[in-house]
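The values are calculated or read from the model by the stated rules, or taken from the named source; none is laboratory data. These numbers come from a predicted model, not from an experiment. Ideal geometry is used to build each Cβ from the backbone, glycine not excepted, and the neighbour counts take in all protein chains shown.
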Amino acid sequence: MNLDAKIPSGPLEKKWDRYRLEMKLVNPANKRKFDVIVVGSGLAGASAAASLAELGYNVQCFCFQDSPRRAHSIAAQGGINAAKNYTNDGDSIFRLFYDTIKGGDFRAREANVYRLAQVSVNIIDQCVAQGVPFAREYGGLLANRSFGGAQVSRTFYARGQTGQQLLLGAYQALSRQIGLGAVKMYPRTEMLDVVLIDGHAKGVVARNLVTGEISSHAADAVVLATGGYGNVFYLSTNARGCNVTAIYRAFKKGAAFANPCYTQIHPTCIPVSGDHQSKLTLMSESLRNDGRVWVPKSTGDKRPPRQIPESERDYYLERKYPSYGNLAPRDISSRAAKEVCDEGRGVGSGGLGVYLDFADAINRLGQRTIAERYGNLFSMYETITGENAYEVPMRIFPAVHYTMGGLWVDYHLMSTIPGLFVLGEANFSDHGANRLGASALMQGLADGYFVIPYTIGHYFVSAKQAKASTSHPEFKKAEEEVKVRTEKLLSIRGRRTVTSLHRELGKLLWDKCGMARHEAGLKEALRKIPELREEFWRNANVPGENQDFNQALEQAGRVADYMEFAELLCLDALNRRESCGGHFRTEFQTEDGEALRDDQNFAFVSAWEYQGPAKPPALHKEPLVYEEVKMTQRSYK
Amino acid sequence: MNLTLKVWRQKSPNAPGRFITFQADGVIPDMSFLEMLDVVNEGLIEKGEDPIAFDSDCREGICGMCSLVINGVPHGGHKGTATCQLHMRHFKDGDTITIEPWRARAFPIIKDLVVNRWAFDRIIQAGGFISVSTGGAPDANAIPIPKADQDQSMDAAACIGCGACVAACKNASAMLFVAAKVSHLSLLPQGKVERHRRVTNMVKAMDAEGFGACTVTGSCEAVCPKEINLTFIARMNREYLAAWFKGK
Ligand SMILES: Cc1cc2nc3c(=O)[nH]c(=O)nc-3n(C[C@H](O)[C@H](O)[C@H](O)COP(=O)(O)OP(=O)(O)OC[C@H]3O[C@@H](n4cnc5c(N)ncnc54)[C@H](O)[C@@H]3O)c2cc1C
Ligand code: SF4
Ligand code: FES
């Protein structure tokens, strides 16, 4: 397998300009001759579909929700980074680039990250022009706040609903193109396979979730922007429908899967309350700007928080990381919370929680200011827990949140399958082993608005592929495979619900491949996952029929993929015998319990290639070469 | 606690529907309403029966996917709360709860509690945007926007497109939804340029979809999970009138 990242030569800050100068262009009149399929309508998919249609390409866009506006990006709360330096506090493209590389624990590709920082400034301009109502100061200019892992204020936000507003901007741009007939939208339609002809991606097979109809769609290129796979853990902050299906099926068709074990556990989520729980709710990291994290100093201290005097509280993040304090990066904050809970100092029933306390901020700034900044988060907290966080501290605990791993892509965002592009959370390229807050929105929009519109044209001109038609036998074959699989799911009629099997898989992963991992645990997981998968195919109960609106069938298809994918995730975690970012192997830590990287042996991207159902996947390595930055041990002390 | 549920069941768009009674036992106050339904569905699947179809995705009140009329009120009648955020602590042991889909001509039922809201998307496609293409946007700070305008625009932009306003209205009017989008955009300098065209096209699309007329009863505002204000409807009416005069 060829893992050529196709990084343009020349100095880092000139690469993207140079690429754009040297790339091949499709002449405007010819653009309408090219068809593009975009799967996904989140920030990455909607921005790509709209931008490509504006250029003149014919676009078909798919999403499984009833409207493109409901993609999971809608739920992002905190904000989006950009190197505008409007606050005059020393930000620059280079600093954003460096913070992102360092935050990712030196496991991301330098050239991609630099480009991301470069285009970040255009994103804000674009969004404002679309009518995104970002927060402003009284003078009428844009407001900023700071986020974890950065010492400058570069985060733009729209109350606690930044993702919603950015997505509505992209959705409106997309809607305009749908209205003009330049994009054909397929809502409530799930992509179930990629179709390759002569080794190039030429279309997809999809299932209409309302009627069950399975159909083929041909194009000159396929763009996957299908989001992350955090739900493999069952409980996560992701929306219920988030899945690995699209990228996993592409993996089975030959696209390399990079760094599947890099998953992000977010430090500030509402703790689990019971077995019935269907998802976990994030409390935006922006709260850490004003909230202070603490636990009682002594174990088993069950007094209500307000009765514990200052001297008996441990503000452990401020103690351990004096220069970043409560704004230490996510992986570090999550692990620190786990540590104090493991010591028996956790709070709330079950002891799996820490306090996030706003008392000082309320004293300093007044309740009104705090309400203005975080009002919707406080009311969300109250709705879920029944507690008023203006009066008692919030209780928070880490939860699975984001997946840095994804399909391997080169500088053009093309996977190892020619003509198959991957954008947003679904690819692996920009966040290394840990993503900084407010960087996913930035990346999704960078990929969709500012990268793919250039790189896809270059592919069309240089690949010179013939047009494909859905009558090609490869489409028929893929349709047949999808039908057989669907029928197989419906014919099991076993005794366990898909949810209970998924919950069991998630618990196994959380215990063995969650915040802390070690060899014995991973090996145990790798033994148990195939057993669970076997039980799934023997004993799952998937009711109903195919020719119907059948949500149980949808869910079963996704869980079936998780049952396979979980193995890949653990295999990658086992193979990476170092700790980096969100991947913490207990065998590899420094004396004071920080992640211990092994740059000598592991400064590479793991790209896994599918070898068929009976064989383990093959590992390929893309070495990470840093021209501009020096790899150092991350320190936030 | 133990509850009795009367749930609307309908096999397909044209099939007749009716209420079916289910028992939900051992419900925990910390559960969300949808988690309670999940548990009921688990039980149905175990018995080999068809689970109740209902929409949801984010389960944190922002995607606008969930849509249930609970005891006659869209989203269940707790201020600023979507169905997915409604928790069972608001009910008590022995309660009987009726659960129905949104009912409106423009939102046909797909199955059980799931409806088709594509009419909303078509309204946006008709004009709910600012006509800028990617690239070439001026610097984001080039046009200062008064904080009060931005705040008000944001209040309107918070709409999640759930359709509860339509479901609550006796005329099944979509005015609150459309007014929210019109106001969000026309309150910003960037959106003012094509404000007349926008409101005209959106209202035309709204009427074509078969939504009813607005008689300002305020039932929409009362159920809106984002507390979108009725005054936006007045604002839109002014915009519409101005556009109409201009067009004359
Ligand atoms: C609660 C929460 C808060 C967050 N807050 C922030 C934040 O403040 N700042 C930040 O930068 N990031 C944040 N993130 C992360 C960020 O929101 C996501 O990483 C990002 O939005 C992903 O965008 P996307 O376009 O890649 O995918 P998504 O928005 O997940 O979109 C995926 C799309 O693919 C479609 N799809 C998926 N599978 C299929 C299939 N098989 N067939 C057809 N369609 C399919 C879906 O319908 C959807 O349209 C947050 C995440 C969560 C969970
Ligand atoms: S106005 Fe309110 S009720 Fe109507 S669609 Fe928007 S959020 Fe839902
Ligand atoms: S499920 Fe998203 S708003 Fe209720």
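Please state which one of A:TYR157, A:TYR186, A:TYR171 is of a type in the set (Phe, Trp, Tyr) and out of contact with any strand residue (DSSP E or B) (no Cβ under 7 Å at 6 or more places or on another chain). Spell out the reasoning first.
On the way: A:TYR157 fails: out of contact with any strand residue (DSSP E or B) (no Cβ under 7 Å at 6 or more places or on another chain); A:TYR186 fails: out of contact with any strand residue (DSSP E or B) (no Cβ under 7 Å at 6 or more places or on another chain).
Just a single option satisfies the conditions, and that option is A:TYR171.
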* Asked: Taking A:TYR157, is it within 11 Å of another protein chain (Cβ to nearest Cβ), over 22 Å from A:LEU377 (Cα atoms) and either within 21 Å of the chain's Cα centre (by Cα) or at pLDDT below 95 (or both)?
  -> no
* Structure fact -> The residue that is farthest from ligand 1 (Cβ to nearest atom), considering only those in the stretch B:210-231 that are within 14 Å of chain A (Cβ to nearest Cβ) and crowded, with 18+ Cβ neighbours inside 10 Å, is B:ILE228
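Does at least one position in the stretch A:204-212 carry a residue that is away from ligand 1 (no atom under 14 Å from the Cβ), over 23 Å from A:SER51 (Cα atoms) and either at pLDDT below 95 or more than 23 Å from the chain's Cα centre (by Cα) (or both)?
Here is the first cut: in the stretch A:204-212, the residues away from ligand 1 (no atom under 14 Å from the Cβ) are A:211-212.
Remaining after also requiring over 23 Å from A:SER51 (Cα atoms): A:211-212.
Subset that is either at pLDDT below 95 or more than 23 Å from the chain's Cα centre (by Cα) (or both): A:211-212.
For the stretch A:204-212, residues away from ligand 1 (no atom under 14 Å from the Cβ), over 23 Å from A:SER51 (Cα atoms) and either at pLDDT below 95 or more than 23 Å from the chain's Cα centre (by Cα) (or both): present.
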* Tally of residues being within 14 Å of chain B (Cβ to nearest Cβ) and hydrophobic (A, V, I, L, M, F, W, C) across the stretch A:169-206 -> 8
* To do: Being touching a strand residue (DSSP E or B) at 6+ places or on another chain (Cβ under 9 Å), closer than 27 Å to B:GLY161 by Cα, away from ligand 2 (no atom under 16 Å from the Cβ) and not acidic (Asp, Glu) narrows it down to one of A:LEU209, A:LEU192, so name that one.
  => A:LEU209
* Here is a list of conditions, (1) within 9 Å of chain A (Cβ to nearest Cβ); (2) farther than 30 Å from B:ASN201 by Cβ; (3) not hydroxyl-bearing (Ser, Thr, Tyr), and B:ILE99 meets all of them except one; can you say which number that is? -> (1)
* To do: Kindly indicate whether B:LYS170 is surrounded by fewer than 18 Cβ atoms within 10 Å (Cβ to Cβ), modelled with pLDDT of 95 or more, within 14 Å of another protein chain (Cβ to nearest Cβ) and away from ligand 1 (no atom under 16 Å from the Cβ).
  => no
* **Candidate set from the stretch A:232-247 (those that are outside any loop (DSSP other than H, G, I, E, B) and touching a strand residue (DSSP E or B) at 6+ places or on another chain (Cβ under 8 Å)); member that is surrounded by the fewest Cβ atoms within 10 Å (Cβ to Cβ)** => A:THR245
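When you check A:ASN363 against the structure, is it surrounded by fewer than 18 Cβ atoms within 10 Å (Cβ to Cβ), at pLDDT 95 or above and over 29 Å from B:PHE33 (Cβ atoms), yes or no? Show your work before the answer.
On the way: surrounded by fewer than 18 Cβ atoms within 10 Å (Cβ to Cβ): yes; at pLDDT 95 or above: yes; over 29 Å from B:PHE33 (Cβ atoms): yes.
Considered against the rule, which asks whether it is surrounded by fewer than 18 Cβ atoms within 10 Å (Cβ to Cβ), at pLDDT 95 or above and over 29 Å from B:PHE33 (Cβ atoms), A:ASN363 comes out as yes.
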* Asked: For A:ILE101, which of the numbered conditions (1) out of contact with any strand residue (DSSP E or B) (no Cβ under 9 Å at 6 or more places or on another chain); (2) part of a helix (DSSP H, G or I); (3) without any contact (Cβ under 8 Å) to a residue 60 or more places away in the chain fails to hold?
  -> (3)
* Structure fact -> Scanning the stretch B:152-167 for residues that are within 7 Å of chain A (Cβ to nearest Cβ) and within 7 Å of ligand 2 (Cβ to nearest atom) gives B:GLY161
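Could you check the stretch A:517-626 for helices (runs of 4 or more DSSP H) lying wholly inside it with 1 or more residues that are within 22 Å of A:LYS102 (Cα to Cα)?
Because the criterion is at least 1 residues that are within 22 Å of A:LYS102 (Cα to Cα), the helices (runs of 4 or more DSSP H) in the stretch A:517-626 that meet it are A:551-575, A:599-602.
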* Name the pairs: first residue in the stretch B:1-27 and under 28 Å from A:THR211 (Cα atoms), second residue among the small types (Gly, Ala, Ser), Cβ to Cβ under 6 Å, at least 6 apart or on different chains? -> B:LEU5/B:ALA24; B:TRP8/B:GLY17; B:GLN10/B:GLY17
* Does any residue of the stretch B:120-134 turn out to be more than 7 Å from every other protein chain (Cβ to nearest Cβ), away from ligand 3 (no atom under 16 Å from the Cβ) and more than 30 Å from A:TYR57 (Cβ to Cβ)? -> no
* Residue list for the stretch A:517-547, restricted to those being farther than 21 Å from A:ASN243 by Cα and in contact (Cβ under 8 Å) with a residue 60 or more places away in the chain -> A:ARG517, A:HIS518, A:GLU519, A:GLU545, A:GLN547
* Asked: Mind checking which residues of the stretch A:256-297 are over 15 Å from A:MET380 (Cβ atoms), away from chain B (no Cβ under 14 Å) and out of contact with any Asp or Glu (no Cβ under 9 Å at 6 or more places or on another chain)?
  -> A:THR263, A:ARG288, A:ASN289
* To do: Could you tell me whether the stretch A:207-226 includes any residue that is buried (at least 24 other Cβ atoms within 10 Å of the Cβ) and either among the polar types (S, T, N, Q) or within 14 Å of chain B (Cβ to nearest Cβ) (or both)?
  => yes
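Can you say whether B:VAL73 is more than 13 Å from chain A (Cβ to nearest Cβ) and over 20 Å from A:ALA75 (Cβ atoms), as far as the supplied structure shows? Show your work before the answer.
Details: more than 13 Å from chain A (Cβ to nearest Cβ): yes; over 20 Å from A:ALA75 (Cβ atoms): yes.
Spelling it out, B:VAL73 is indeed more than 13 Å from chain A (Cβ to nearest Cβ) and over 20 Å from A:ALA75 (Cβ atoms).
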* **Residue within the stretch A:493-511 that is surrounded by 13 or more Cβ atoms within 10 Å (Cβ to Cβ) and assigned to a strand (DSSP E or B) present** => yes
* Asked: Is it the case that some residue within the stretch B:49-62 is more than 16 Å from ligand 2 (Cβ to nearest atom), surrounded by fewer than 20 Cβ atoms within 10 Å (Cβ to Cβ) and within 10 Å of another protein chain (Cβ to nearest Cβ)?
  -> yes
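Looking only at the stretch A:108-139, which residues are closer than 19 Å to A:ASP89 by Cα and either away from chain B (no Cβ under 14 Å) or surrounded by fewer than 24 Cβ atoms within 10 Å (Cβ to Cβ) (or both)? Walk me through how you get there before you give the answer.
Let us first name the residues in the stretch A:108-139 that are closer than 19 Å to A:ASP89 by Cα, namely A:117-118, A:120-121, A:124, A:135-137, A:139.
If the condition is that a residue be closer than 19 Å to A:ASP89 by Cα and either away from chain B (no Cβ under 14 Å) or surrounded by fewer than 24 Cβ atoms within 10 Å (Cβ to Cβ) (or both), then A:ALA117, A:GLN118, A:VAL121, A:ALA135, A:ARG136, A:GLU137, A:GLY139 are the ones that fit.
Considering only residues that are among the hydroxyl-bearing types (Ser, Thr, Tyr), within 12 Å of chain B (Cβ to nearest Cβ) and free of Cβ contacts under 8 Å to residues at least 60 places away in the same chain, which ones fall in the stretch A:61-98?
Of the residues in the stretch A:61-98, the ones among the hydroxyl-bearing types (Ser, Thr, Tyr) are A:67, A:73, A:86-87, A:92, A:98.
When the remaining residues are screened for being within 12 Å of chain B (Cβ to nearest Cβ), the result is A:67, A:73, A:86-87.
A:TYR86, the sole residue that qualifies.
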* **Top-ranked residue in the stretch A:248-276 [being in contact with a strand residue (DSSP E or B) (Cβ under 6 Å, 6 or more places away or on another chain) and among the small types (Gly, Ala, Ser); ranked as surrounded by the most Cβ atoms within 10 Å (Cβ to Cβ)]** => A:ALA250
* To do: Considering only residues that are facing chain A (nearest Cβ under 8 Å) and part of a helix (DSSP H, G or I), look in the stretch B:136-150 and name the one that is nearest to ligand 3 (Cβ to nearest atom).
  => B:GLN150
* Asked: Pick from A:ASP4, A:ASP105, A:ASP35, A:ASP91: which is surrounded by 24 or more Cβ atoms within 10 Å (Cβ to Cβ), among the acidic types (Asp, Glu) and out of contact with any Ser or Thr (no Cβ under 6 Å at 6 or more places or on another chain)?
  -> A:ASP105
